Every structure is written in C-alpha cells, then in structure tokens.
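J.: Dropping the structure in here first, questions after.
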Amino acid sequence: MSTPEFRLPDEFGSGPRRSHREGHQPVPERNVPDKPVAPQRHSRSITPFMGGAVPDVDRVGFPLSGRQLDACVRAALQEDGAFEDVPTIACVLSTRRAHGMIVARHAGIVAGIPFAVAAFRLLDPNITIRVDVDDGEQVSANTEIMRISGLARAILSAERVALNYLQRLSGIATSTSRYVESLRGTRTMVDGTWRVTPGVRLIESYAMRAGGARPDDAVCHIREHHVAAMMGDLAYAVQRVRAHAEPDARIVVQCRSPGQVRAALAAGADAVLLDGMNPAQVRECVEVVAGRAKVNAAGGIALDTVRSYAHAGADHVSIAGIVQEAGPLELTLEMETA
C-alpha cells in the first residue's frame, strides 16, 4: 500500500498549534534512558458505550480534540470514496458482519491508533474494537495491534484510510526511534524536525513524539533571514521576539560559525542551532557556549553519524530524514465474515 498524501481539513490550517489534547497536561521532555524499558501492555475495549479513540493515559500527547479527530478522518474517508464504495456496496450484504484484526508485518513503533479507530467508528457507530497496542509502543513482526467486529461493509470501506494513517505515522515513529536508540546512553535528545508535510505538522510531530522525540512546542527559531530583516542587529531581533513570544518560549538562534554563536550568547539566546556543521565544528561551538545555552545540531545528520554529534557535546539533534525518508511500517487487515 502506497504512502498517502495527508491533508487536514481547512479548519485546521490556521490558529495556534496544540501541543497536547484538550484537558490533558503537556507531555514532559523525554531523556534517553541507559537501558530500554519494556512497556506494560494492556488491551482496552472500545464500544458504542465506552472507550475513546485516545487512551485515558495519553503518554504521547495526542494533538487533536475528539471533534477535530472526527473531522480530519471524515475528510480522509470522503477523499478515499469510503462513503460511496461501490464495489463493497455491490458485493457485500448490508447486514453481514465481520471480524478482523490489524497485524504488523514488521517490527517497529506504532502510531496512529486513534485515526484508525475513528475511521471504523465513523462508518459503523456500533462497531466494537479491542486495542492491543497503543501509540508509542514497540511491536515485533506479526504482532496483532487491534481487533475489530462490526458491519463488513464498514470494515472494508474504512480499511484503506485506517491502514494508511497507521502505516505512515508508524513509519515516522519507527524512523525516529532508530535515532533515539542510536543515542542511548548519551544525554543528547532527538528534537522533532520542522521539515514536515504542510498541513499535517501536528500529526507528524505527534508520530515523532511516539518514536521518542522531544516535543517541539514553545520554541521560537530566529533564522538568518530574520536577523537580516533587522539590519543585522541580532540583539534587537532577540529582544523583539521575546516581547512577542509567550513567557515560557525558548529563543533559538540559527548559527553557522563560532562568531555567530558568540553573538547569539551575547544577545541572550536560550539555545543555538548549529546548522550544517560537522562534529568537529560542533565541538568548537560547544566550547564557546560553555554551558551558557543549549546546543542544537541540525543539517546533514544521518543515522550512522548522529552519535558523533552527541560525543561532540550537542544537547539536541534535529534530523529531517526521520520524516522525509521514513517509509511506511507494513501492516495488514486480516478479515473473516461472520
């Protein structure tokens, strides 16, 4: 199944970014533990009378409200033609029921369960679902992720949308987890990258968090073009951004040389973003910073080099490839009619 092109409905195209689900506390920053901790896996039931798409204990920080989730998935179902699925309507009796299970064909990190649940429920409000693996959990090959029982037409018509969400988001989470695992035992954390698909930043950032990336909310990046717009006055640029940002916002200044790092520190930046530097250059800038600000490294970082940036002293790394180069995690729906 091919990787889908994601789009949120127009109502999500503007307005503030949500860093957590309504009514839930923000997700704390994650550090990389010295040893992996096996998740405690518990199945949960979703019926017409109980159970929501998002678990009560939301460890990842789902970014959409229930209304937004339904609107987003409804738009995807309409785009896919699920509400007018002629082959399914023609071949499957409207009263026929079926049982199915979604299985991961390869090992990876799961993400996108709420979207799959919403897809099935929107086509059959009386469907029952048992979720065996929630977002952020690691699975081995041939692991059962969820069981579905309901109208056969609904399950078949929702299949593509449910699997496309799960495969794409699980692919991003799995890609992210590889970098997180490569940094295990160091103090360096993986940041969510801003190089995401336009219109679905919230969703892809969520998938990165499921894979272990640090939440990227409350960050203001000052890029070189911003400084140029202030006639090169970096200190004034930082001052202006602080005046307009939220009180807890972290000001990060893009730097391409040790000289720019010194200027950013003098301007009062909370962090410097070392863009396109190799590990030796990062180490030099870390010595300049001397603990006065956080050091983020980005640009040209690959899986086989990321650990060298940790050894150079970077506090955080940002890798565009965790989204741009992420392939889908292969899943399948196995189904039998009742």
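The values are calculated or read from the model by the stated rules, or taken from the named source; none is laboratory data. These numbers come from a predicted model, not from an experiment. All Cβ positions, glycine included, derive from the backbone under ideal geometry; neighbour counts span all protein chains shown.
J.: Do the conditions hold for Ala249, that is, is it crowded, with 16+ Cβ neighbours inside 10 Å and either modelled with pLDDT under 95 or under 15 Å from His316 (Cα atoms) (or both)?
T.: Taking the combined requirement at face value, the residue does not satisfy it.
J.: So, one more: Out of (1) in contact with a Leu (Cβ under 9 Å, 6 or more places away or on another chain); (2) farther than 21 Å from Arg250 by Cα; (3) not basic (Lys, Arg), the odd one out for Gly300 is which?
T.: (1)
J.: Return yes when Ile102 is outside any loop (DSSP other than H, G, I, E, B), more than 17 Å from Pro48 (Cβ to Cβ), of a type in the set (A, V, I, L, M) and at pLDDT below 95 and no when it is not.
T.: no
J.: Tell me which residues, restricted to region 261-280, are out of contact with any helix residue (DSSP H, G or I) (no Cβ under 8 Å at 6 or more places or on another chain) and surrounded by fewer than 22 Cβ atoms within 10 Å (Cβ to Cβ).
T.: Here is the first cut: in region 261-280, the residues out of contact with any helix residue (DSSP H, G or I) (no Cβ under 8 Å at 6 or more places or on another chain) are 270-271, 273, 275-276, 278, 280.
Selection gives Asp270, Ala271, Asp275, Gly276, Asn278, Ala280.
J.: Could you list, in sequence order, all residues of region 230-252 that are part of a loop (DSSP other than H, G, I, E, B) and within 20 Å of Leu274 (Cα to Cα)?
T.: Matches in region 230-252: Gly232, Asp233, Ala249.
J.: Which of the residues spanning region 196-226 are modelled with pLDDT under 85 and of a type in the set (D, E, K, R)?
T.: Asp216, Asp217
J.: Another question about this same structure. Hey, among the residues in region 130-186 that are over 30 Å from Tyr309 (Cβ atoms) and among the acidic types (Asp, Glu), which one's nearest to the chain's Cα centre (by Cα)?
T.: Asp134
J.: Is it true that Glu29 is at negative phi, exposed (fewer than 14 other Cβ atoms within 10 Å of the Cβ), modelled with pLDDT under 85 and not assigned by TED's automatic domain parsing to the domain that holds Val196?
T.: Spelling it out, Glu29 is indeed at negative phi, exposed (fewer than 14 other Cβ atoms within 10 Å of the Cβ), modelled with pLDDT under 85 and not assigned by TED's automatic domain parsing to the domain that holds Val196.
J.: Going by the conditions given, is Ala158 closer than 27 Å to Ala297 by Cβ and of a type in the set (A, V, I, L, M, F, W, C)?
T.: It is false that Ala158 is closer than 27 Å to Ala297 by Cβ and of a type in the set (A, V, I, L, M, F, W, C).
J.: Would region 220-227 turn up any residue that is in contact with a strand residue (DSSP E or B) (Cβ under 7 Å, 6 or more places away or on another chain), in a helix (DSSP H, G or I) and within 30 Å of His244 (Cα to Cα)? Write out each step before concluding.
T.: Initial filter on region 220-227 (in contact with a strand residue (DSSP E or B) (Cβ under 7 Å, 6 or more places away or on another chain)): 220-224.
Checking which are in a helix (DSSP H, G or I) leaves us with 224.
Pick out the ones that are also within 30 Å of His244 (Cα to Cα) and you get 224.
Yes; the residues of region 220-227 include at least one that is in contact with a strand residue (DSSP E or B) (Cβ under 7 Å, 6 or more places away or on another chain), in a helix (DSSP H, G or I) and within 30 Å of His244 (Cα to Cα).
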